[in-house]
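The values are calculated or read from the model by the stated rules, or taken from the named source; none is laboratory data. Note that this is a predicted model, so its numbers are computed, not measured. Positions of Cβ are backbone-derived with ideal geometry, glycine not excepted, and every protein chain shown enters the neighbour counts.
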Amino acid sequence: MRKIKVSFIILLLSVILVQFQNCGSPPEGSDEVYSSSNDDMTPGLVDDLPNRKLAFVESLVVSKHDADVINYDGLCSRDSHDQTVEWVVVDLKNDDEVIAGETKCIRGGFRISVQNMLDLECGVDYKLIPYIDENSDDVLIRRKCEPISSFKVQAVSQKANYNNPNIIKKSCYYELEQTNSPTGRECFKTCYMSYKLYERSQISVNFCESSK
């Protein structure tokens, strides 16, 4: 039953991703690539949000250190269509609201574009909270700290799903980071999609050293 629920959530996110890629504009310098849009696409309306108006699927989103605008996508219910979604970014150290704004629930999904991400302290978790009336959800957001060195190694384009003509570009880097290891530094192959961390794996420090 749990596998079925997870598969359903992934399907919903795929539909919402298509919708927002066709309707929204990426931030300047975005790694996203857009191909032909499908204006006749029937949007997926969300019915499977029992007792909830909106929801995030992810619990934590980590963004690239130098990205100043990040888009965060979530789900909202059918009866919330065209309603205003107010949102705030909260500093968990003191519960201060550091960034705020509003967006719309459109046909089963909402997109929050958080600007001035560079004003957030790196390596620290903040909480992004959207509201519709008295209903809310939250996701932790974190901006990575700048690595000691970063070298772009590849950019891989792939379809979001087999029914989606839009292309998403995954950008990967060798990043040398300061850590608590015996040597004080470690090398990672880190990949991002739309400036958000997609995958990360530790590799030999020689890859980072030889890339300088």
Hits in region 165-208 (condition: small (Gly, Ala, Ser), at positive phi and crowded, with 16+ Cβ neighbours inside 10 Å): SER194
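How many residues are among the aliphatic types (A, V, I, L, M) and assigned to a strand (DSSP E or B) when one looks only at region 116-127?
0
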Filter pass, VAL89 being surrounded by fewer than 20 Cβ atoms within 10 Å (Cβ to Cβ) and of a type in the set (A, V, I, L, M, F, W, C): no
Subset of region 71-89 [without any contact (Cβ under 8 Å) to a residue 60 or more places away in the chain, charged (D, E, K, R) and within 16 Å of ASP137 (Cα to Cα)]: GLU86
Residue count, region 90-139 (criterion: closer than 21 Å to ARG52 by Cα and charged (D, E, K, R)): 9
Boolean, ASP73 is buried (at least 19 other Cβ atoms within 10 Å of the Cβ) and at pLDDT 95 or above: yes
Any hit, region 54-68, residues being over 20 Å from GLU199 (Cβ atoms), modelled with pLDDT under 95 and touching a Phe, Trp or Tyr at 6+ places or on another chain (Cβ under 9 Å): yes
Among (1) hydrophobic (A, V, I, L, M, F, W, C); (2) at pLDDT below 95; (3) over 17 Å from GLU58 (Cβ atoms); (4) in contact with a Ser or Thr (Cβ under 8 Å, 6 or more places away or on another chain), the one test that CYS187 misses: (2)
Members of region 93-128 found to be without any contact (Cβ under 8 Å) to a residue 40 or more places away in the chain and hydrophobic (A, V, I, L, M, F, W, C), listed by number: VAL98, ILE99, ALA100, LEU120, VAL124
